[in-house]
């Protein structure tokens, strides 16, 4: 390696690259012809659908009547086992539930909705991504497992603004650092064993914090990092989304 | 040279084979992985939208590269002008170049910097570098030599 090689490698290291041709076509205004319309780029969903969900999903969910609303999201991820209710709770008088299922192609999918709206998905949002502890299938996308991620949605008439996500199962707490400097620590709760070895966290957003619409540099205005902590307070999972690559950050990014 | 028609499929082929290298180029220009990824995605989208404008007389990779560089430029000031991150905003510290490296690169003239990036991150030959940057192929070698010399000198200066 020459002197210049070292300098230029340090300037732009060979980070993993996850192609997303469907996104390119979408930006170009071209409909993809070779594959049916379906959810793609679930890692992007974590960042994009999450903040748009309060707008998008309720509209989509209106058509669902007899089963989980997210399974009617045309061409969405197919469960490998039935969705399970991971947690029920109440935020400021608004009952909610967190539902999750492992999918054939997109790892773990999880959804938050107003309690009792299985079919309608009122206030619901969903995100998917490969998570450590969730069994892969032959069709699961060949990307590395995340150890923690998040989904966040703005306030609606049924739910306050919230943040929720999966984390590796040996995390007992999650520390959330928002872009405005506020820090929130919340306990984790384990998923049913049928789902896999994974835990979750969920919390309403503190006053003064609201998700921002996506765009270059915008996410960091909302969220600086989410970190999973073990019983001794050590960081064991980290996502600092502004500069994460494919939803993965080194632990040092959360220190 | 005969005129060639660029298709979405040919652009996709470049994407499948080279987008990771374009990402490094954009990362070097923006110093922000999020912006770099966005620049690559947007650059290829621009190439599709402007495919009719490809004259077919040069390299498709060079033409797409210009689209990516333009997208990187639009997303943020070029590396010669960017502001350094706040310390606590750099979230991939182990791989992040230190301030001296970025300061040294910032001192390079834009053409020298881009020629160096194209050679290193994309392994472009002199002709393709010339097509991408819109310069004479005969000047590429001298540009690269000057870039290496100036970068070395700049690193020595900022290290003092």
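The values are calculated or read from the model by the stated rules, or taken from the named source; none is laboratory data. Everything numeric in this text was worked out from a predicted model, so none of it was measured. No Cβ is skipped: glycine too gets one built from the backbone with ideal geometry, and neighbour counts run over all protein chains shown.
The one condition from (1) at pLDDT below 80; (2) loosely packed, with under 15 Cβ neighbours inside 10 Å that residue A:68 does not meet is (2). Of the strands (runs of 3 or more DSSP E) lying entirely inside region A:148-255, those containing at least 1 residues that are modelled with pLDDT under 90, touching a helix residue (DSSP H, G or I) at 6+ places or on another chain (Cβ under 6 Å) and buried (at least 20 other Cβ atoms within 10 Å of the Cβ) span A:151-153. For region B:64-79, filtered to residues that are surrounded by 21 or more Cβ atoms within 10 Å (Cβ to Cβ) and modelled with pLDDT of 90 or more, the residue that is nearest to residue B:125 (Cα to Cα) is B:65. Exactly one residue out of B:132, B:143, B:139 is surrounded by fewer than 20 Cβ atoms within 10 Å (Cβ to Cβ), more than 12 Å from chain A (Cβ to nearest Cβ) and modelled with pLDDT of 75 or more: that is B:139.
Here region B:3-41 is the region considered, the condition is being outside any helix (DSSP H, G or I) and over 12 Å from the mean Cα position of the chain (by Cα), and the residue that is nearest to the other protein chains (Cβ to nearest Cβ) is B:32.
Among residues of region B:42-63 being in contact with a helix residue (DSSP H, G or I) (Cβ under 8 Å, 6 or more places away or on another chain) and assigned to a loop (DSSP other than H, G, I, E, B), the one that is surrounded by the most Cβ atoms within 10 Å (Cβ to Cβ) is B:54.
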